[in-house]
Amino acid sequence: MWGAGAAAVAGSLYSVDVFGGNKEDFNYDRPDLKRFPTYCDVCFWKCAGWTYVDDKGTIKKIIGNDIDTHSKGRLCTRGTGGLGMHFDDDRLKTPLIRVSKKGEKSVFREASWEEAISLVASKMKDIKSKYGAESFALLKHGAIGSHLEHLFSAYGSDTVAEPAFAQCRGPRDEGLKLTFGESCGSPEATDMRDSKCLVFIGSHIGENMHNSQVQEVSEAIDKGVTIITVDPRLSTVASKSKYWLPIRPATDMALLLAWMNVIIFEDLYDAAYVAKYTTGFDELKEHVRQFTPEWAYSITDLTPKMIRDSAREMAKAAPATLIHPGRHSTWYGDDTQRTRAIGILNALLGTWGRRGGFYFNEKAKVPKYPHPEYPEPAWKAKDLNVNLLFANQGVTNEVIRASIPGEDTTHQVKAWMVAGTNLTQSVPTEKNLMMKAIEALEFLVVIDIYPVEITGYADVVLPECSYLERYDDLRNSDFRTPSIALRMPAAAPRWESKPGWWIGKQIGLKLGLGDYYKFNDYTDILDWQFKQMGTSLEEMKHIGVKNLPRTSGPLYIEDGAEHIFKTDSGKIELYSQKLKDVGLDPMPVYTAHEQPPKDYFRLNYGRAPMHTFSKTVNSPNLNDLRSENALWVNPKVGKIWNLKSGQPVWLKNQDDVVSSFPIKVRLTERIRWDSVYMVHGFGQKNPEMKRSYGKGVNDTEMITKLMVDPLMGGTGMRGNFVTILTENPKETV
Amino acid sequence: MRYVMVIDTLKCVGCSDCVVACQTENDVPTGYCRDWVTESVTGTYPEVDIELRSERCNHCDNAPCVRTCPTEASHIIEGGIVLVDRDLCIGCGACIESCPYDARYRHPDLGIVDKCTFCVHRVKKGQDPACVSVCPTNCMYFGDLDDSNSKVAQLLAERKHKVLAKEAGTSPNVYYLI
Amino acid sequence: MKEEIFISGRNIPHIDPHLAIWEFPISLYLFLGGLSAGILLFSAFTHLLNKDEELKGASKWAPLIVPFALAIGLFALIIDLGNPFYSWKLYTTIRLESPMSWGAWVLLIVTPLSILWIFSDLRKLFPKLNYTKLPFLFKVEDFCVKYKKQMALALIPLTIILGIYTGILLSAFNARPLWNNAILGPLFLVSGLSTAAATIILFAKSAHERHLFSKIDVLLIVIELGLIIHLIMGYYAGNEMQVEAVKILVGGDLTTLFFGFFVALGLLLPLVLEVFELMGFKVPVVVPAILIIVSGLIFRVLMVEAGQITRILY
């Protein structure tokens, strides 16, 4: 029926064929393509896929790997559009060495790898001899991280930090650890596909395109899940919710406490679970007695009925209820405690270790390629966190502070290697500390794919190739069952760019650390590892993904079975003695946070599903989908302020910081009148990022007040207020 | 045989994966697209709702583009898929003007008019169109409406649905579950 | 409040934010098509009524510009195509449902016919012309003179079709609510006739002829105004989309152009001037004629652009 002779069935009635026009179907067939396995590097989710290449060697498309349990065979928008990173002509092309002096306008010259690597290595030796290797810090994000961590460990520095902790997940992970003894990991071990009730608190799933999670929420919707969303903005998932609680910003803790109150005092909690697996219930009950829905009403703007109904709905579906702990949780400085509150609610409903709640994830055991012992550094990044008792890893802001002479820190940092993260956009600081630190550094080397803003401050810039052009560590994903995946190049690196492992190795060799680099090519390591795991590089090139059996026991706590939690008490700690012992609140309390002053709006920010922070905004494919962010403003505010959709405006925050660029207004009923919202990642400052330069506003620039979490140093960013300027402030000055 | 697409607006998150998947599958030039996502907001805060729709050529039974095409380049093949024969198209634009969905565009390099083909090259091989096969929310379905056992037929039998611009009388074949 | 946005940033050239696929060349094509149709129609009638000598402007002089007008119009159409070199494919099929198709065919017939039409009188107008080097042209001339009446009879329906076609090309698209109005065909025909009458006034060789065509033009303008009222009323009586669409002409972005330049300066003012002239006041007759011709072009530019801004709402 699809044969070449299939005739047109319509349009023939009134047509007279004069010269017997061509009625054959146009041949829409596509050429055959070759494919290479990869796993995505556009975000941290690491979904496995295939890169398809035509006979000229041009990358044509990237499609999910069907057998990948981790991504269920589907890539998200960014993964499908990942080829833009390969094709983007704005990428860094050669190593660059600064020729201008510090403080002057940056001028770079192109350099050979040999020269650039030699310079980096000599500076590393220099710093080591003058101050100790520990004074050279590594600030990193993404796949290149492990290659450089290996380099730094061999070199003798463990002064390593990533924005993923103190600017993102840190409070959540530490809060869950304090409660359950472990975090939910990444990808989160949330059993959403079987949830009957899903609760999202400020977590805008679907706008954050966490692939398998989005897929599981969708599957749950098919099965009739009830969704409850707490968000001052009608997020995408809020629109799919039975209960949308349009909360007054910054008052989430009051709602969480009121929910506990309802669940406990209406006897809706899982009494058997609470009795068997938790400790401190009686203290908690007394603690939340006062936090009635009526009490919360005046704080949150949510009616007592709404609070009660939603709590009952959660309890009805329990234990297949998941109160999602979110991911980016650095909001108001009491974020670890807020996550504790979320954890406690989950515990009351008995969802941890239960189908439809949290499962126990497992990752494969990947043998480490042999190398000599690392030297023990005299101090580590963690040691900078003097007052942050629950920061179990390096905190970016502490490293930045330690880089400024005269700041009260235990140790000094003198040089940075920054890799895969545009610090000026990923780490907000108060009082311009970032710039002060950068100015004080003796040496700054930046490794990136793009000429992002931070490269402009570097002494040496090294161009990494895109993930479609390199081998990397095998992917070892934490999921219901373990699975490993291979990333291999589908095309040669463009220009002079090089893989991260290669850059690490070359610096290592120049530093005389050859013993740590006893391999020629990264494939040597991969093949060795794969063979230890019962496969081989050759096989992995054909299958891309290998799913492994679970060996760590059941996914859930079996009915009534003993379970030792990894806390001090071995139980879920509703009441935390650990916190009490150091003088902190053993149970979460509500603290009123500042609300915006007159004529100011709370600056909320979030994500768009087609972008990963600032990493993708210049990618031709993804920029094509969204090239700038917009400022969401309630139409009532728009009327008072005489704003129109599409109108460019500038922002000024409480510290009189004015946005570098204008942002277009979007008048929408989706947002409250007391806050504005924008997608994070836009407002690129380097003109060499041609597609994205000057498009929209960088929210990080407007975040100059941080509400630091006293437990772990998370930088709460949602206490910043902005006002709207309709005239270009630079022109009126 | 009647190919239809059914899109569940209650699951769609507007991620636009369908858009970029189509662009890479079909060599759509940068800056152009054969499918796109629309967000429709109704109501007043906090009584507000949104509908997200992945839109494309509706492969209408009564296709105005086929009617107004002066060269028979726009035509309907078995299964109801509306195609543009690239060898016949002169790029006059009449079909673009006639489409109530603005689903067609003039190809910047080829001069011909281009649009969604329901990925006919994939459908021939028994695969779903690229947009359907990639959707992370599984909110899109493709199949034969004449086959009552097909998922699309079952969904339309069970769920409330609508088509776009019904009043244009085009008998579209892309359905939205609402 | 209803807010409708593209999530995936559609910004296709000539499609977003609204269609602009058809631009000035199409407007010019429609204008020249209507003008040519009108001139040929008047010319054919004068011939059939044996007024060739009495109305030389209409019968002989004005038609001289028609082949050029049609050639420019066709050229404009072709350069507006995405694939100009494939334009011959228009003539591989006749698609009655497609105005573009039958319009192309009508033009294919009318254009050579218009050349033959003026050829019959060419040597009378330009006595110095001599075909001695191309003697077959004498035979062609003989043929044209011999069959002039038949040509006139053929031209009448063909030019009416051509005149209406310039409107139907637009009104056939129900996706563009502003165009989708049955009055558009007759309106474009009348407007074409009116611009033709104005052109003939410019070519008129006697006061008698000038007056006659002034009268005809006054009548046509009155009809055109009636049709415009009908058009606007039709939108208001239409569905939501048409009501929405007419806002662009009434109280919208193009109101000044439509009412100010087209209706007031292009129809009412020349109407008044021509009436004055007919009443015996001294009015330079070129002024209303040129106003009418220019406004005819403005009208088509306006309708082509405005129509593409309007769309079916869903």
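Which residues in the range A:471-485 place their backbone N less than 20 Å from a point set 7 Å from the Cα of A:Asp524 along the Cα-to-Cβ direction? Once the point is set 7 Å along Cα→Cβ of A:Asp524, A:471-474 turn out to lie under 20 Å by backbone N, inside the range A:471-485. By other beta-carbon atoms within 10 Å, ranking A:Tyr677, A:Tyr131 with the fewest at the front produces A:Tyr131, A:Tyr677.
Here the peptides A:547-558, B:66-77 are ranked by packing, the mean other Cβ count within 10 Å, and the order with the highest first is B:66-77, A:547-558.
Each Lys and Arg adds +1 at its Cβ and each Asp and Glu adds -1 at its Cβ; summed about the Cα centre, chain B shows a dipole of about 160 debye.
Charged side chains reduced to their Cβ positions (Lys and Arg at +1, Asp and Glu at -1) give the range A:604-691 a dipole of some 240 debye around its Cα centre.
Inter-chain Cβ neighbour count for C:238-247, averaged per residue, equals 1 (cutoff 10 Å, partner chain atoms only). Listing A:Thr409, C:Thr310 from fewest to most neighbouring C-beta atoms within 10 Å gives A:Thr409, C:Thr310.
Taking a Cβ cut-off of under 12 Å around B:Thr68, the surrounding Lys, Arg, Asp and Glu residues balance to a net charge of +1, with basic ones at +1 and acidic ones at -1. Spin-label pair A:Glu373-C:His208: with each label point 7 Å from Cα along the Cα-Cβ axis, the two points sit 12.4 nm from one another. Shown for C:Tyr165, A:Tyr374, C:Tyr86: other C-beta atoms within 10 Å of each C-beta, ranked fewest to most, produce the order A:Tyr374, C:Tyr86, C:Tyr165. Short-range pairs are left out: with C-alpha atoms under 8 Å and at least six residues apart, the relative contact order of the range C:1-95 is 30 percent. Short-range pairs are left out: with C-alpha atoms under 8 Å and at least six residues apart, the relative contact order of the range B:3-177 is 30 percent.
Mean separation of Cα pairs under 8 Å and 6 or more residues apart, divided by the residue count, gives chain A a relative contact order of 19 percent. Checking the cross-link pairs A:Lys639/A:Lys705; A:Lys380/A:Lys436; A:Lys363/A:Lys498; A:Lys276/A:Lys580 against a 26 Å limit on the alpha carbon distance flags A:Lys639/A:Lys705; A:Lys363/A:Lys498 as lying beyond it.
Note on B:4-15: average number of Cβ atoms from other chains within 10 Å of each residue's Cβ is 6. Can you check what the net charge comes to around C:Leu178, using other residues whose Cβ is under 14 Å from the Cβ of C:Leu178 (Lys, Arg +1; Asp, Glu -1)? Net local charge, C:Leu178 excluded: -1. What the Cβ-Cβ distance of B:Lys162 and A:Val99 gives, at R0 = 45 Å and to the nearest 0.05, is a FRET efficiency of 0.10.
Placing pseudo-labels 7 Å out from each Cα toward the beta carbon at C:His230 and A:Lys690 gives an inter-label distance of 5.5 nm. Positive end of the dipole of chain A (Cβ unit charges, origin at the Cα centre): among A:Leu178, A:Gly84, A:Leu349, the Cα lying farthest that way belongs to A:Gly84. State the answer as a single residue: which of C:Gly307, C:Ser114, B:Val120 lies farthest towards the positive end of the charge dipole of the protein assembly as shown, with beta carbon charges of +1 for Lys and Arg and -1 for Asp and Glu, about the Cα centre. Final value for the positive-end residue is C:Ser114. Using the Karplus relation 6.51 cos²θ - 1.76 cosθ + 1.60 with θ = phi - 60°, the per-residue 3J(HN,Hα) values for the range A:656-669 come to 6, 7, 9, 5, 5, 10, x, 10, 7, 6, 10, 6, 8, 6 Hz, with x marking Gly and Pro. Listed peptides C:55-64, A:461-470 appear in the order A:461-470, C:55-64 once ranked by packing, highest mean of other Cβ atoms within 10 Å at the front.
Count Lys and Arg as plus one, Asp and Glu as minus one, and take only other residues whose Cβ is under 11 Å from that of C:Phe188; the net charge is then 0. For chain A, rounded, prolate or oblate, judged on the Cα gyration tensor with a ≥ b ≥ c (square roots of eigenvalues), a/c < 1.5 rounded, else prolate if a/b > b/c? Cα axes put chain A in the rounded bin. What shape does the protein assembly as shown have by the C-alpha gyration tensor, where a ≥ b ≥ c are the square roots of the eigenvalues, rounded means a/c under 1.5, and otherwise prolate means a/b greater than b/c and oblate the rest? Prolate. I'd like the FRET efficiency for A:Tyr131 and A:Val582, computed as 1/(1 + (r/R0)^6) with the beta carbon distance as r and R0 of 35 Å, rounded to 0.05. It comes out at approximately 0.65.
Here the label points at B:Asp27 and A:Glu731, each 7 Å from Cα along the C-beta direction, are separated by 4.5 nm in the simple model. In the protein assembly as shown, a dipole from Cβ-located charges (positive for Lys and Arg, negative for Asp and Glu) runs towards its positive end, and of C:Leu125, C:Val287, A:Thr481 it is C:Leu125 whose Cα lies farthest in that direction.
Mind running the shape call on the range A:229-368? Use the C-alpha gyration tensor, a ≥ b ≥ c as the square roots of the eigenvalues: rounded below 1.5 for a/c, prolate if a/b tops b/c, oblate otherwise. Oblate is the answer for the range A:229-368, as a/c is 1.5 or above yet b/c matches or exceeds a/b. Rounded to the nearest 20 debye, the dipole size of chain A about its Cα centre is 900 debye, using +1 on the Cβ of Lys and Arg and -1 on the Cβ of Asp and Glu.
The stretch between A:Trp295 and A:Asn432, if pulled fully straight at 0.36 nm per residue, gains 45.4 nm over its current Cα-Cα span. Annotation: aspartates and glutamates with alpha-carbon distance below 13 angstrom to C:Lys89 (same-chain offsets under eight excluded): A:Asp17, B:Glu72, B:Asp85, B:Asp87.
For the range B:121-173, trypsin sites (Lys or Arg not before Pro) meeting the loop criterion (DSSP other than H, G, I, E, B) and having at most 12 other Cβ atoms within 10 Å: B:Lys125, B:Lys160. Using a cut-off of under 14 Å, list every residue of the range C:274-314 whose amide N is near the label point 7 Å from the Cα of B:Thr42 along the Cα-to-beta-carbon line. Counting backbone N atoms under 14 Å from the label point, the list is C:314. Each of the peptides C:184-193, C:225-234, C:110-119 was scored by the mean count of other Cβ atoms within 10 Å over its residues; in descending order, highest first, they stand as C:184-193, C:110-119, C:225-234. Averaged over the residues of peptide B:124-136, the number of Cβ atoms from other protein chains lying within 10 Å of each residue's Cβ is 4.
Each reported figure results from applying straightforward, stated rules to the coordinates on display, with no laboratory input. Note that this is a predicted model, so its numbers are computed, not measured. Cβ atoms come from the backbone with ideal geometry, glycine included; neighbour counts cover every protein chain shown.
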